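Visitor: The following block contains the structure, expressed as structure tokens.
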Amino acid sequence: MAKLAILHHPDPRLRATAAQVTSFDADLERFVADLIETLHAAGGIGLAATQTGDLRRVFVMDLSPDRTAPEVYVNPEILQKRALGLVEESCLSVPGVVGNVVRATQVRVRAQDVQGATFERDLEAMHAVCVQHEIDHLDGRLFVDRLSILRRLWLKAWPPKAAKPADRAA
Ligand code: NI
């Protein structure tokens, strides 16, 4: 396994749209293992392939208290969104920035595992929010795009200097 470099905003590669995974092979398994290692090393809760410059439609997330239960989502899609709420988010690719974003707090998601088997899962709270944040990454979107115009202007005028990612960043 190898730790991957995490791209930082405004790297243009974060704006690319990821492509559907069609090869469920040893290379994909290795890449997913690297993503998980990178996520755990960074102390985050979610990491999308796009954040490492890879354009496969894959993300990993781990919300377990001891970070020992990584979940893998290949070709994820949200089937249902419910219960909108204002949620505080941060991102490993936008270090030092925390902001409130409107997200569904309940989702039904369909995805494939690393072997290609399709599954559906009902998620809520941080799990639901994290899935939306990571799918945004796969579509070339960052959570800062979803902040209010005033907050974005403020961030532009006073770029944060902090290099350390916020706890529970994704
Ligand atoms: Ni993120």
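Visitor: Which condition breaks for Asp136 when tested against (1) touching a residue at least 24 places away in the same chain (Cβ under 8 Å); (2) within 13 Å of the ligand (Cβ to nearest atom)?
Guide: Evaluating Asp136 over (1) touching a residue at least 24 places away in the same chain (Cβ under 8 Å); (2) within 13 Å of the ligand (Cβ to nearest atom) leaves (1) as the failure.
Visitor: Related question: Mind counting the residues in region 86-123 that are free of Cβ contacts under 8 Å to residues at least 60 places away in the same chain, in contact with a strand residue (DSSP E or B) (Cβ under 7 Å, 6 or more places away or on another chain), farther than 30 Å from Ile149 by Cα and open to solvent by 10 Å² or more (accessible area, probe 1.4 Å)?
Guide: Total meeting the criteria: 7.
Visitor: May I pose another question? Being modelled with pLDDT of 95 or more, away from the ligand (no atom under 16 Å from the Cβ) and open to solvent by 60 Å² or more (accessible area, probe 1.4 Å) is the requirement here; does Ala33 meet it? Spell out the reasoning first.
Guide: On the way: modelled with pLDDT of 95 or more: yes; away from the ligand (no atom under 16 Å from the Cβ): yes; open to solvent by 60 Å² or more (accessible area, probe 1.4 Å): no.
Here the answer is no, as Ala33 does not meet what is asked.
Visitor: Sticking with this one: Taking the conditions exactly as written (within 24 Å of Leu7 (Cα to Cα), within 14 Å of the ligand (Cβ to nearest atom), part of a strand (DSSP E or B) and among the hydrophobic types (A, V, I, L, M, F, W, C)), does Leu47 satisfy them or not?
Guide: Taking the combined requirement at face value, the residue satisfies it.
Visitor: Name the residue, out of Val60, Val72, that is within 13 Å of the chain's Cα centre (by Cα) and away from the ligand (no atom under 16 Å from the Cβ).
Guide: The conditions single out Val72.
Visitor: Please state which one of Thr38, Thr17 is hydroxyl-bearing (Ser, Thr, Tyr), assigned to a loop (DSSP other than H, G, I, E, B) and out of contact with any His (no Cβ under 9 Å at 6 or more places or on another chain). Walk me through it before giving the result.
Guide: Details: Thr38 fails: assigned to a loop (DSSP other than H, G, I, E, B).
The conditions single out Thr17.
Visitor: I'd like the full set of residues that are open to solvent by 10 Å² or more (accessible area, probe 1.4 Å) and in a strand (DSSP E or B), limited to region 55-78.
Guide: Filtering region 55-78 down to residues open to solvent by 10 Å² or more (accessible area, probe 1.4 Å) leaves 55-57, 63-72, 75, 77-78.
Once the filter is applied, which keeps residues that are open to solvent by 10 Å² or more (accessible area, probe 1.4 Å) and in a strand (DSSP E or B), region 55-78 yields Arg56, Glu71, Val72, Asn75, Glu77, Ile78.
Visitor: For region 132-140, does any single residue satisfy the condition of being in contact with a Pro (Cβ under 7 Å, 6 or more places away or on another chain) and surrounded by 21 or more Cβ atoms within 10 Å (Cβ to Cβ)? Talk me through it step by step, then tell me what you get.
Guide: So the first thing to find is which residues in region 132-140 are in contact with a Pro (Cβ under 7 Å, 6 or more places away or on another chain), and the list is 135.
Next, from what is left, pick out any that are surrounded by 21 or more Cβ atoms within 10 Å (Cβ to Cβ): 135.
Within region 132-140 (the criterion being in contact with a Pro (Cβ under 7 Å, 6 or more places away or on another chain) and surrounded by 21 or more Cβ atoms within 10 Å (Cβ to Cβ)), the answer is yes, since at least one residue qualifies.
The values are calculated or read from the model by the stated rules, or taken from the named source; none is laboratory data. Quick caveat: nothing in here was measured; it's all calculated off a predicted structure. Methodologically, a virtual Cβ is constructed for each residue, glycine included, from the backbone with ideal geometry; neighbour enumeration extends over all protein chains shown. Side chains included, ligands, DNA and RNA excluded: accessible areas come from the protein's heavy atoms. Shrake-Rupley method; radii C 1.70, N 1.55, O 1.52, S 1.80 Å.
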